[in-house]
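Here's the structure we're looking at; comments come further down.
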Amino acid sequence: MSFRRSFAFAFHGLLIGLAPTAVALHSSAAPAAGNTQSVRVLLSDSDAEHMILQVDTRKVSPGSVTFEVMNLSKDQIHELIIIKSDGAGRPLPYDAGNERVVEDKVNDLGEVADLDPGKSGKLTLDLTPGTYILICNQPGHYMHGMKANLVVAD
């Protein structure tokens with residue numbers, strides 16, 4: 001089963017079992033007037049050292065992009081921060097003492113902040129060509145795997 005298919009299955013299956021607000025989020029996922037693209041993001045963890053940030057696509061076209069974010073954790077708060085990268089492969093500035101990316105030293109474009117377990121949220125941004133990094137910046141989560149790249153190109 002492909003990642004996209006298994007991701008869609010997990011996302012749709014989860015939404016069926018959640019409250020009506022989550023179902024409303026799913027039903028509004030179609031692009032508005034064909035102009036807005038969607039990136040579905042699942043935030044999850046199996047324990048404190050195994051964190052996962054999954055996206056259903058790694059490339060979108062420039063323009064309006066809506067990030068539909070779902071926290072699948074049973075007991076962890078997660079968030080999604082979108083960062084415009086200065087260059088592929090460059091590490092983000094990191095404060096090891098606080099176990100977090102230093103947000104005021106990166107090009108933070110916006111976030112879906114502090115999602116409690118089972119909650120969802122959305123963020124729409126106008127993205128220009130380039131590379132973006134999607135992270136969860138709760139203490140320790142970024143270094144335990146909660147990051148993904150997104151390329152914006154024609």
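Observations
- Hits in the stretch 114-132 - residues which are under 22 Å from residue 48 (Cβ atoms) and either under 13 Å from the mean Cα position of the chain (by Cα) or surrounded by 17 or more Cβ atoms within 10 Å (Cβ to Cβ) (or both): 114, 115, 119
- Residues of the stretch 78-99 that turn out to be closer than 24 Å to residue 49 by Cα, of a type outside the set (A, V, I, L, M, F, W, C) and free of Cβ contacts under 8 Å to residues at least 60 places away in the same chain, as a count: 10
- Qualifying residue in the stretch 50-57 (condition: closer than 17 Å to residue 136 by Cα, among the aliphatic types (A, V, I, L, M) and exposed (fewer than 15 other Cβ atoms within 10 Å of the Cβ)): no
- Restricting the stretch 138-154 to residues that are aliphatic (A, V, I, L, M) and not in a strand (DSSP E or B), the residue that is nearest to residue 86 (Cα to Cα) is 153.
- Pick from the stretch 77-86, criterion outside any strand (DSSP E or B) and either surrounded by 15 or more Cβ atoms within 10 Å (Cβ to Cβ) or at positive phi (or both), ranking: farthest from the chain's Cα centre (by Cα): 85
- Scanning the stretch 47-72 for residues that are under 21 Å from residue 121 (Cα atoms) and among the polar types (S, T, N, Q) returns 54, 57, 64, 66, 71.
- Failed item, numbered, when residue 146 is tested on (1) over 15 Å from residue 90 (Cβ atoms); (2) exposed (fewer than 15 other Cβ atoms within 10 Å of the Cβ): (2)
- All conditions in (1) touching a Pro at 6+ places or on another chain (Cβ under 7 Å); (2) surrounded by fewer than 18 Cβ atoms within 10 Å (Cβ to Cβ) hold for residue 95, with the sole exception of (1).
- Checked across the stretch 100-114, the condition of being at negative phi, in contact with a helix residue (DSSP H, G or I) (Cβ under 8 Å, 6 or more places away or on another chain) and touching a residue at least 40 places away in the same chain (Cβ under 8 Å) holds for no residue.
- Residue tally, condition touching a strand residue (DSSP E or B) at 6+ places or on another chain (Cβ under 6 Å), in a loop (DSSP other than H, G, I, E, B) and within 20 Å of residue 117 (Cβ to Cβ), over the stretch 50-76: 3
- Positions within the stretch 115-137 being in contact (Cβ under 8 Å) with a residue 60 or more places away in the chain, in a strand (DSSP E or B) and among the β-branched types (Val, Ile, Thr), in sequence order: 124, 135
- One residue from 110, 145, 121, 89 being among the small types (Gly, Ala, Ser), at pLDDT below 95 and farther than 21 Å from residue 46 by Cβ: 89
The values are calculated or read from the model by the stated rules, or taken from the named source; none is laboratory data. No experiment lies behind these values; they were computed from the predicted model shown. Positions of Cβ are generated from backbone atoms using ideal geometry, with glycine treated the same way; all protein chains shown enter the neighbour counts.
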